[in-house]
Every structure is written in structure tokens, then in C-alpha cells.
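*Asks:* Right, I'll just put the structure down here and ask away after.
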Amino acid sequence: MKLTSRSVSLVPIVSTVAAAALGASLILVANNTPANAATTLGAAAAQSGRYFGTAVAAGRMGDSTYIGILNREFDMVTAENEMKMDATEPSQGRFSYGNADRIVNHARNQGKRIRGHALAWHSQQPGWMQNMSGTALRNAMLNHITQVASYYRGKIYAWDVVNEAFADGNSGGRRDSNLQRTGNDWIEAAFRAARAADPGAKLCYNDYNTDDWSHAKTQGVYRMVQDFKARGVPIDCVGLQSHFNSQSPVPSNYQTTLQNFANLGVDVQITELDIEGSGSGQASNYDRVTRACLAVARCTGITVWGIRDTDSWRANGTPLLFDGGGNKKAAYTSVLNALNSAGPTTTTTTSTTTTTTSNGPGPGGCTASVSLNQWNEGFVATIKVTAGSAALRGWQVTTTLSNGTVTNSWSANRSGTNGTVNWTNVDYNGSVAAGQSTEFGFQGTGSGAGLDPTCTAS
Ligand code: XIL
């Protein structure tokens, strides 16, 4: 049952099927005509449960045009440089969060979420770390991750735990770096440390030149994520930086790449989008990237790498959505229109009685399913919450743990550790668009068999 109409605009219609399902309800259906389409990137993306973010530089926050656009258009923020290793641990064991906090506090005050970038990277390391190797470097990296992720615990939607660890070219293997030389397991060690420090943050692997499905580098990252999922290494998402220009254009198989990563059971995020060019050519490339994300259920959001062309790290290529004066470019309009085209169509229900089903996939309802990774002594359970044919504003899931005990959990609030355990959404994953899903998870000792999750809309 789809309560949409693309041909009728703002005309009340009564759907008998829908009315039956909702009791004596009158369903007003209006489509996304210009009259009711969202007018900002964040609001337009939110219609399908996604976010639209930007990189922010602390040094530009005194610029009122910059802040005005930030506050109006974007609902996710990445610190462009301020959370990198050189910024947060300039000398070993001395942590410095001043500029990062300016960005985080502003975002939170404005009700925006934050992508953390980045906990471990071969580049932008502080001088003291560049000269380290072996066990000392491995321990320094793990301590850095633990300290920074703990400091921001509960405030980060997703962390880029490891950035740019794969080599360009045809090898499909790892990039050589001081971190890589500490042992091939440095990436999974980083993810485990991040999970322990902030169990509520999604943990992402982030890279560039991983947009073309046929490239060896893309395949290398894919195999790593596949291996991590198979072995229970905690990874929740893959970030595609997506810096495009004439040497590195938007590939024709971009959507395939997003979908194939998503099929591994991770979210996909476009984390640093910029596309050099101008006019309608640039606008059509932005349209393609946006629509590719919208076509993949687990592509959860898009971040552009800066606000105005003049704010960009590649300013000469005018790769962003606003010109130097803060005016919307053609690329902006194409992104906004693409986001609006994904709807959903606004559905207004006015009536006497509206029944909300508890565990059905119908309007107002939700379903829950579990994916269990069990080993001898313990388990990791990932619970998928899927909205029915109406969007969710909040949800509660009940599980049964007869022979196991929860030791830690992420992306949900929980009532206890064994027996009947109730889980409710946290602030950033209560809204789930119709037909879309969100996930939370937990780790435990003993057996996770028989969890039998049931979902109730709240
Ligand atoms: C860039 C910043 O935009 C610049 O200001 C800085 O001088 C260098 O880093 N991949 C990443 C980002 O993950 O952190 C980089 O950001 C761009 C490439």
C-alpha cells in the first residue's frame, strides 16, 4: 500500500484501504510540489531518513555568511581538520580539544549531529608520532583512539576510525605507512579500541578512490569489510570520500559500489563530497551522486567537504554547492531537487481514531529482526528495526535472553542485561522513514539464541 500521488497536488483524497487500516481516519495526501517541498538540504534529506552534512573549519566560524548557511542548510557536521591526530594530541599524552569543541558545541547547540574525523590515519600525524614505530606506535595509536573517542563518547554519530589505509593503483592492498608497519591487524585493533571507548558511535572505514567498483582499491576495501563482518570485528559503516574532478570523474557504476558495500551489512556514507566544475555539467554530476545514495537504502547520508567554493581545500576547482558570495549554485538546486524527489510524499492524518499496530509492518508499526554472531563463550547481536508503511518517530524492541547476559550495547537504550530486555531508540535513530531501517546492537556472554525481537512504535 503506497499512500502517494504524484499527479494530485494538495487535493484531499480518501484512500479506502488506508482508512480501513487506520480506523476512521481521513488521509490527506499531498505530493512534493514546489509548494510543500523541503527548502533546505538537511530538511530535504530528512524526508527519507537521511542527513546532509558539511565539513566545518573552526577558523571560519566568525564569518556570519558561513555560519548562516551552516545553520540553515546542514544537519550533520564534520570537523575539517580539528579532530585529526595532530590537532587533538599535539604532544604525546597532552590532548587538546579547543577547536574541535568549538565545532562540536556549535553543532550540538544547533541540534546537528557530528561525524568524527579521524581517529587513525597515516597523514596529519603529530610530529612525535611520525617518528615512532613498532609496539610503541601501536600503543600510542590505541591510546589516542581510546582517549579521543572516550572524550567525545555519546556525542558522535559516526567515527572515521581509520582513514585512507589502502594503496592507490592495482595492488588492492594496504598503503605502506608507519601504522601499517606495526602489523596488518592495526585496523581491526583500532576498531576494537573505538568500540570499547564509545559503543554508541557507528564505526566507519573511510577512503578515497573507492567509488569505482572495478578498481582494485575498491575491491581491497570491500574484502577487508567482508572479512571484518565475518570475524565479528566491530565495523558499522564505510565512508566514500568521493572527491571528483576530470581525472577522477563520478564513475558510471557508483551506485553499484554503494549497494555492494551496503550488502555486506554496513551503512554507506558519502563523507567528503566535492565535484570540480561549474554550471549544468557540475549540477548533473551532483544529481547523479545524490540519486545514487537515495537509491541505496543503507546509504544514510551525504557530507560535502565545505560550504562555499572559497572554503574548499580545492578552491580553484569551484567544487561546492555555494559560490564565494554564499549564493546557491546550480549544483545546489540539483541536489535539493533530487533529495525532494525521494519524498516521501507528505501524508497528513486527521481523524477521530488512529490505531497503531504493535508489531505489524502496517502504518505506525515496525518489525525487528536479528543477525546473530555466536561463538563459544559469547555473541554479538545486530537488531534491525524496519518501519512499516508509515514513518517511525520512536521505537521499542523487546528481546529475550534466557541463557546470556548483555555486556555492552550501542545505538539503543536498554532496560537490563538478561531475561526480558527492552531497548528504545536513542535521539538520532528514532526517526525512521516508511519502509526504511535502522540498527542497534549488543554484545554478551553466554548464548544469544532465542532473542526473538519484537518491535513496537512509540
Ligand atoms: C583536508 C582538509 O580539507 C585540508 O584543509 C587539509 O589541509 C588537508 O586535509 N581526505 C580526508 C580529509 O580525509 O581529511 C582531507 O581534508 C581531504 C582528503
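*Asks:* Can you tell me what percent of all Cα-Cα pairs in the stretch 389-438 are more than 17 Å apart?
*Replies:* Result: 40 percent of Cα pairs exceed 17 Å.
*Asks:* I'd like to know how the chain sits against the 2.2 N^0.38 Å rule of thumb: what's its Cα Rg over that expected value?
*Replies:* 0.99
*Asks:* Roughly how large, in nm² to one decimal, is the mean projection of the convex hull of the alpha-carbon atoms in the stretch 238-309?
*Replies:* With the hull built on Cα positions only, its mean projection is 4.5 nm².
*Asks:* What order, most packed first, do the peptides 57-69, 117-129 have when packing is the mean number of other Cβ atoms within 10 Å of each residue?
*Replies:* Output ranking for 57-69, 117-129: 117-129, 57-69.
*Asks:* Once the Cα gyration tensor of the stretch 156-206 is diagonalised, what are the square roots of 5 times its eigenvalues, in whole Å and ordered largest first, as equivalent ellipsoid semi-axes?
*Replies:* So the three semi-axes of the stretch 156-206 are 23, 13, 7 Å.
*Asks:* Still on this model: Would you mind counting up the charge near Asp323? Only other residues with Cβ under 15 Å from its Cβ, with Lys and Arg at +1 and Asp and Glu at -1.
*Replies:* After counting each charged neighbour, the total is -2.
*Asks:* What does the charge count around Val266 come to, taking other residues whose C-beta lies under 11 Å from its C-beta (Lys +1, Arg +1, Asp -1, Glu -1)?
*Replies:* Combined, the nearby Lys, Arg, Asp and Glu give 0.
*Asks:* While we're on this one: May I ask for the Kirkwood hydrodynamic radius of the stretch 131-190, worked out over all distinct Cα pairs and given in angstroms to one decimal?
*Replies:* Computed over Cα pairs of the stretch 131-190, the Kirkwood hydrodynamic radius comes out at 12.8 Å.
*Asks:* Can you tell me the accessible area per residue over the chain, all protein chains present, probe 1.4 angstrom, in square angstrom?
*Replies:* Value returned for the chain: 39 Å² of accessible area per residue.
*Asks:* How far is the Cα center of the stretch 108-162 from the Cα center of the stretch 169-208, in Å?
*Replies:* 11 Å
*Asks:* Before rounding to the nearest 500, sum -39500 (n - 2.57) across all DSSP H runs of length at least 4 in the chain and divide by the residue total; then give [θ] at 222 nm in deg cm²/dmol.
*Replies:* Result for the chain: -8000 deg cm²/dmol, rounded to the nearest 500.
*Asks:* Now for a separate question. Around Leu401, which amide H atoms from residues at least 5 apart in sequence, or from another chain, sit under 5 Å from its own amide H, with H modelled in the peptide plane?
*Replies:* Correct list: Gly419, Thr420, Val421.
*Asks:* Follow-up. Hey, which lysines would be in cross-link range of Lys384, C-alpha to C-alpha under 21 Å, not counting anything within fewer than 8 residues on its own chain?
*Replies:* Within the straight-line cut-off, Lys384 pairs with Lys202, Lys229.
*Asks:* Taking θ as phi - 60°, what are the ³J(HN,Hα) couplings along the stretch 227-240 by the Karplus curve (6.51, -1.76, 1.60), each to the nearest whole Hz, with x for Gly and Pro?
*Replies:* So the J values, rounded to whole Hz, are 5, 4, 5, 5, 9, x, 6, x, 9, 10, 7, 10, x, 9.
*Asks:* Next question. Counting only other residues whose beta carbon sits under 14 Å from that of Ala297, what net charge do I get with K and R as +1, D and E as -1?
*Replies:* +2
*Asks:* Taking the Cα atoms of the stretch 52-91, what is the range of coordinates along each of the three principal axes, in descending order and whole Å?
*Replies:* Sorted from largest, the Cα extents of the stretch 52-91 read 36, 22, 8 Å.
*Asks:* Could you list the trypsin sites (Lys or Arg not before Pro) in the stretch 119-170 that lie in coil according to DSSP, counting only those with at most 14 other Cβ atoms within 10 Å of their Cβ?
*Replies:* Arg153
*Asks:* So, one more: Take the solvent-accessible surface of the protein heavy atoms, probe 1.4 Å, and return the percent of it on the chain that carbon and sulfur atoms account for.
*Replies:* C and S atoms contribute 48 percent here.
*Asks:* Also, I was wondering about something else. How large is ³J(HN,Hα), in whole Hz, for each residue of the stretch 310-315 in order, when computed from phi with the Karplus curve 6.51 cos²θ - 1.76 cosθ + 1.60 and θ = phi - 60°, using x for Gly and Pro?
*Replies:* Listing the rounded values in order: 6, 8, 6, 5, 10, 4 Hz.
*Asks:* Under 5 Å between amide H atoms, partner at least 5 residues away or on a different chain: which partners does Ala390 have, H built in plane at 1.01 Å?
*Replies:* Gly364, Gly365, Gly435
*Asks:* Turning to a different aspect of this structure: Can you list the chymotrypsin sites (Phe, Trp or Tyr not before Pro) in the stretch 368-399 that are in a DSSP coil and have 11 or fewer other beta carbons within 10 angstrom?
*Replies:* Trp375
The values are calculated or read from the model by the stated rules, or taken from the named source; none is laboratory data. Owing to the predicted nature of the structure, the values given are computational and were not obtained by experimental measurement. Cβ sites come from the backbone with ideal geometry, for glycine too, and all protein chains shown count toward neighbours. We work out accessible area using only protein heavy atoms, side chains counted, and drop any ligands, DNA or RNA first. Shrake-Rupley method; radii C 1.70, N 1.55, O 1.52, S 1.80 Å.
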